[in-house]
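Notes follow the structure.
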Amino acid sequence: MTTMLAARAHRDADTIALERIPVPEPGPLDVVVRVAAAGLAPGMMRLLKSGAFKHLPTTLGHEAAGTVAAVGTGVTGTAVGDRVRVHPNLNCRDCPYCRTDRDMMCAQQAMIGHAAFGDAPMPLYDEYHDGGLAEYLRVPHWLVDPLPDGVSFDVGAKVHDLANAVRALKCADLPLGSTLVVTAATGTMGTATTKLAEHFGVSRLVLVGRDAERLHAVRSLAGRVATDVIALEDLPDWASTGGLTRRLREVAPAGAHAVLDFIPDGPATGQAMAALATGGTLVHMGANRAALALAPAALMVNCWRFVGTRACTRTDAREVLRLLGTGALDVDELITQRFALADAPTAVDAMQRREHPMWMTVVNP
């Protein structure tokens, strides 16, 4: 087999294209993975339109799992046939950030099949920008993690999103028995966070989203954690009247210990922050461009923290793999949609429209 099917992005295009391209050959330090499952990210097309993809054309997809098909001559510890997941974060591995479990802050940080986040030279991204929405994927050998027995390739492909939720939960610095608000709770990150909450000492969840019916479906993911839901569709004129803050204060009068905010636009971020308890933290991972309508004095007087984080670290991903491998975490129910690679354009379109609930979506080449 000398060619393979791949989902590709081109400059100035607003859709992805299915093309046949050469199967990658491994360099001395590379691993080629036969992709069994690749994840789809809701923000992929938005980043593409904004110019965050620095190399075009490129094969899309930063989440992948499969079996090792070939290894380079200098690779040890990984063999053909190994079940692996691919860690998508490309970073220098040697700067102060990389050496202190803050990989996402590296000046070279980028993702295979996805975006680059700075203007520094990025030799790894230059070399490995092609992603996993293809039949085969070439990556440096240090980016593959063994996939535990019993963990499906579909789940393996979504470890990155679960690890992002772990990073956000860590940033919240939650006390035992905490009350946690999760916004955009019906999306990929919201559902992942809901599933992981009990592993971080959360005793009460408040899930915020647009649609009441979809929120009640997510509620079942919380396990033993007491859970309330707040549907924005049930709060008339909330955006202009502060209705979300009032409702959060009704549900949690003492305030929330933390808000994990995945809202991509609008005033919900600021309104949720205003419902924090004294000393509480809002962790934002939604790329919301709306101005935060809170005076600095409010943050000072209430000792509130606003923490931004854009990705997970390798440590976070390996913690997820440990939870999955021991059986402490079971997330099979989070995979709600599966598409063939030939249907990848349809899958991307469905994610943009979100006419139906889509927690986590994978493509199976």
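Selection of first residues in the range 303-324 that are within 15 Å of CYS98 (Cα to Cα) and of second residues that are surrounded by fewer than 20 Cβ atoms within 10 Å (Cβ to Cβ) and among the small types (Gly, Ala, Ser), restricted to Cβ pairs under 9 Å at least 6 apart or on distinct chains, gives the following pairs, ordered by first then second residue: ARG310/ALA287.
ALA277 meets the conditions (1) open to solvent by less than 50 Å² (accessible area, probe 1.4 Å); (2) in a helix (DSSP H, G or I) in every case but one. The failed one is (2). Of the numbered conditions (1) touching a residue at least 24 places away in the same chain (Cβ under 8 Å); (2) not in a helix (DSSP H, G or I), PRO236 fails exactly one; give the number of that condition. The number of the failed condition is (1). Annotation note: of ALA172, ALA157, ALA184, the sole residue that is touching a Pro at 6+ places or on another chain (Cβ under 8 Å) and not β-branched (Val, Ile, Thr) is ALA184.
Okay, residues lined up against (1) surrounded by fewer than 22 Cβ atoms within 10 Å (Cβ to Cβ); (2) among the aromatic types (Phe, Trp, Tyr):
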residue: TRP238; (1), (2): yes, yes
residue: ARG246; (1), (2): yes, no
residue: GLY266; (1), (2): yes, no
residue: GLN271; (1), (2): no, no
residue: LEU299; (1), (2): yes, no
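Confirm whether THR191 is under 25 Å from GLN352 (Cα atoms), of a type in the set (S, T, N, Q) and open to solvent by less than 30 Å² (accessible area, probe 1.4 Å).
Here the answer is yes, as THR191 does meet what is asked.
Here ALA172 fulfils each of the conditions (1) in contact with a strand residue (DSSP E or B) (Cβ under 8 Å, 6 or more places away or on another chain); (2) open to solvent by less than 10 Å² (accessible area, probe 1.4 Å); (3) within 30 Å of LEU133 (Cα to Cα) apart from (3).
Look at the range 249-278: where a residue is touching a residue at least 24 places away in the same chain (Cβ under 8 Å) and among the aromatic types (Phe, Trp, Tyr) and a partner is assigned to a helix (DSSP H, G or I) and open to solvent by 20 Å² or more (accessible area, probe 1.4 Å), sitting 6+ places away or on another chain with Cβ atoms under 9 Å, you get PHE262/MET189. Close Cβ contacts (under 9 Å, 6 or more residues apart or on different chains) running from residues in the range 1-19 that are free of Cβ contacts under 8 Å to residues at least 40 places away in the same chain to residues that are part of a loop (DSSP other than H, G, I, E, B) and of a type in the set (A, V, I, L, M) comprise MET1/VAL23; THR2/VAL23; THR3/VAL23; ASP12/LEU56; ALA13/LEU56. Look at THR281 and say whether it is under 26 Å from ALA110 (Cβ atoms), touching a residue at least 40 places away in the same chain (Cβ under 8 Å) and among the β-branched types (Val, Ile, Thr). No, not satisfied.
In the range 51-99, of all residues being part of a loop (DSSP other than H, G, I, E, B), without any contact (Cβ under 8 Å) to a residue 60 or more places away in the chain and closer than 17 Å to TYR128 by Cα, the one that is least open to solvent (accessible area, probe 1.4 Å) corresponds to ASN91.
Only one of the numbered conditions (1) closer than 19 Å to PRO123 by Cβ; (2) open to solvent by less than 50 Å² (accessible area, probe 1.4 Å) is not met by ALA107, and that is (2).
Across the range 306-336, the qualifying residues are those that are of a type in the set (S, T, N, Q) and in contact with a Pro (Cβ under 9 Å, 6 or more places away or on another chain), and the one among them that is surrounded by the most Cβ atoms within 10 Å (Cβ to Cβ) is THR336.
The values are calculated or read from the model by the stated rules, or taken from the named source; none is laboratory data. Quantities reported herein were computed from a predicted structural model and do not represent experimental measurements. A quick note on method: Cβ atoms are made from the backbone with ideal geometry, for glycine too, and the neighbour counts reach across all protein chains shown. Keep in mind that these areas ignore ligands, DNA and RNA; they rest on the heavy atoms of the full protein, side chains included. Shrake-Rupley method; radii C 1.70, N 1.55, O 1.52, S 1.80 Å.
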